[in-house]
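S.K.: Input: one structure, supplied below.
The values are calculated or read from the model by the stated rules, or taken from the named source; none is laboratory data. On a predicted model such as this, the values are computed, not experimentally measured, just so you know. Here the Cβ positions follow ideal geometry from the backbone for every residue, glycine too, while neighbour counts run over all protein chains shown.
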Amino acid sequence: MSTILTKKNAESDFVSVSDGAIVKLLKETGRLPPLSVRIQPLQSEITPFFSSKFLSYKFSSSILVPVDTFEFKIALDESGKLTVPVKEADIVNLYANGQVISTGLIDTIDVETDEKNGTSIGITGRDLIGQLEDQETVSLNSSIIYASSYTPKQVIAALTKETRISSNPILADSPKSSYLFATQPGESKLSALQRYCEPLNILFWASPNGQIVIGKPAMFSASLGRLGISRERRTSNVLSMRSTRSSTQIPNLMIAIWNGQETTQNRVSPEQVLINKSPGPQRLLNLGHKVIKSVVVSTPQGATAQDLSNVNDLNVANQSVRAGGSNLLQAYAKRELARANLNDLQVQCQVVGHYNETGVPYAPNQVYRIQYDLDKIDEDMFLFKVEYTFDISQSQKTNLFFCRRTAIVSDVRAL
């Protein structure tokens, strides 16, 4: 749940989320909703430090990058601060329109005094998941884990011990069953979590308030608005827009093969061939441009080749398991296709401010209608990466990165 800053009289530029809220605010005040940082010292008894006197900043957040980074420079208030009010490892919250949009830890502090800006503080850091990058799974107080039945929630609870990350993750269409989880000396907690998520066809990332989200992105959630450029109507609500298509190397036919079948082509069943349904690769396939690749999957029985009669109804631990309505082979094939489909179509645009027209801050895991008539684009697309930027000589700007909803993860789990 997002934290909301208390509105103060001096901060009259806050707006309630509603249709046309940002346009109305700009007409009335000529200003966008305020941005501010709250820095909570590691020593909890010290009063948090607030500032909105940015000289510059850059915060990034991406579904595809578990550990996001930030950097910003703020002017130190000369009225009473005689010492630097922040230290390494303090927690930083970035607020937009009173809503937290990013939470991280300070890694580096750079203090500078000059004739132009007076005293300023440069701060760089990472989101809270950065602690999983810094810590190893096996340490003084963390024993080796060899477990055959760990749920995603149990994995997060184990890995967040001795960190400042909440042990209670946000489950986003996350598997409810238990799966193998093991750790080894010399491996970071981040690597262990990535290895656990890999076969389950799920991701993890940081929520705005610093919790770990584990599961699947909301690829098919409702659209939060429209972004686009119409050359025909000469209208636009973005500063710039760029579309990139790279479909020629994306498989449009994927053959999933059991380990041991590689040299027995006559044993490969037609049902093991999967057609890529993403528009770009499918267009090339229909025009006769074939890109055929295979993915080799180890059988659940290890080295024993599985009888293909059981492809659609796999028996694991005496339970009949179907991978999301598809078979295990096709589940792995769909996962590989989804990853490759990231290059089918990407749209990057830059907008003024950090909010859509209703006042909701842009953030990864949102869906928008993208319209760009020059490249014949008019479809709902998934926002997988956001960069918030500001410079004292310019206004707030946000770089948005979109992909098709057939990318990143598929509709089935591998197990």
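S.K.: Residues to consider are Lys73, Lys87; find the one that is crowded, with 16+ Cβ neighbours inside 10 Å, of a type outside the set (A, V, I, L, M) and under 29 Å from the mean Cα position of the chain (by Cα).
M.R.: The match here is Lys73.
S.K.: Here's a follow-up. Ile129 - would you say it is under 28 Å from Ala182 (Cα atoms), surrounded by fewer than 15 Cβ atoms within 10 Å (Cβ to Cβ) and among the β-branched types (Val, Ile, Thr)?
M.R.: In short, no.
S.K.: Next question, about the same structure. Counting only residues that are modelled with pLDDT of 95 or more and among the β-branched types (Val, Ile, Thr), which one in region 353-371 is nearest to the chain's Cα centre (by Cα)?
M.R.: That would be Val367.
S.K.: Taking Lys27 as the residue in question, decide whether it is under 22 Å from the mean Cα position of the chain (by Cα) and surrounded by fewer than 19 Cβ atoms within 10 Å (Cβ to Cβ).
M.R.: It is false that Lys27 is under 22 Å from the mean Cα position of the chain (by Cα) and surrounded by fewer than 19 Cβ atoms within 10 Å (Cβ to Cβ).
S.K.: So the check is Cβ under 8 Å with 6+ separation or different chains; which pairs have a first residue in region 223-234 that's more than 28 Å from Pro361 (Cβ to Cβ) and a second one that's acidic (Asp, Glu) and surrounded by fewer than 18 Cβ atoms within 10 Å (Cβ to Cβ)?
M.R.: Arg231/Asp373; Glu232/Asp373
S.K.: Just one of Leu140, Leu180, Leu203 is in contact with a Cys (Cβ under 8 Å, 6 or more places away or on another chain) and modelled with pLDDT under 95; which is it?
M.R.: Working: Leu140 fails: in contact with a Cys (Cβ under 8 Å, 6 or more places away or on another chain); Leu180 fails: in contact with a Cys (Cβ under 8 Å, 6 or more places away or on another chain).
None of the others qualify; the one that does is Leu203.
S.K.: Here's another thing I want to ask about it. Which condition from (1) modelled with pLDDT of 60 or more; (2) out of contact with any helix residue (DSSP H, G or I) (no Cβ under 6 Å at 6 or more places or on another chain) is the one that Val297 breaks?
M.R.: (2)
S.K.: Moving to a separate point now. Taking the criterion of being at pLDDT 95 or above, in contact with a Cys (Cβ under 8 Å, 6 or more places away or on another chain) and surrounded by fewer than 22 Cβ atoms within 10 Å (Cβ to Cβ), would at least one residue in region 225-239 satisfy it?
M.R.: The answer is yes; a qualifying residue exists.
S.K.: Let me ask something additional. Looking at region 58-77, can you tell me whether even one residue there is among the hydrophobic types (A, V, I, L, M, F, W, C) and modelled with pLDDT under 85? Before the answer, list the steps.
M.R.: As a first pass, look at region 58-77 and keep what is among the hydrophobic types (A, V, I, L, M, F, W, C): 59, 63-65, 67, 70, 72, 74-76.
Checking the rest, the ones that are also modelled with pLDDT under 85 come to 76.
Within region 58-77 (the criterion being among the hydrophobic types (A, V, I, L, M, F, W, C) and modelled with pLDDT under 85), the answer is yes, since at least one residue qualifies.
S.K.: May I pose another question? In region 375-391, which residue that is modelled with pLDDT under 95 and not acidic (Asp, Glu) is nearest to Cys403 (Cα to Cα)?
M.R.: Top of the filtered list is Tyr388.
S.K.: Give me the residue from region 179-189 that is buried (at least 21 other Cβ atoms within 10 Å of the Cβ) and touching a residue at least 40 places away in the same chain (Cβ under 8 Å) and, out of that set, nearest to Pro169 (Cα to Cα).
M.R.: Lys189
S.K.: Quick check on region 363-405: of everything there that is closer than 24 Å to Asn209 by Cβ and among the hydroxyl-bearing types (Ser, Thr, Tyr), which residue is surrounded by the fewest Cβ atoms within 10 Å (Cβ to Cβ)?
M.R.: Thr389
S.K.: Exactly one condition in (1) touching a helix residue (DSSP H, G or I) at 6+ places or on another chain (Cβ under 7 Å); (2) crowded, with 20+ Cβ neighbours inside 10 Å is not met by Thr163; state its number.
M.R.: Only one criterion is unmet by Thr163, namely (2).
S.K.: Within region 97-116, can you find the residues that are loosely packed, with under 15 Cβ neighbours inside 10 Å and in contact with a strand residue (DSSP E or B) (Cβ under 9 Å, 6 or more places away or on another chain)?
M.R.: The answer is Thr108, Asp110, Val111, Glu112, Thr113, Asp114.
S.K.: Which of the following residues is under 28 Å from Ala218 (Cα atoms) and either crowded, with 16+ Cβ neighbours inside 10 Å or in contact with a His (Cβ under 7 Å, 6 or more places away or on another chain) (or both): Pro66, Pro41?
M.R.: Pro66
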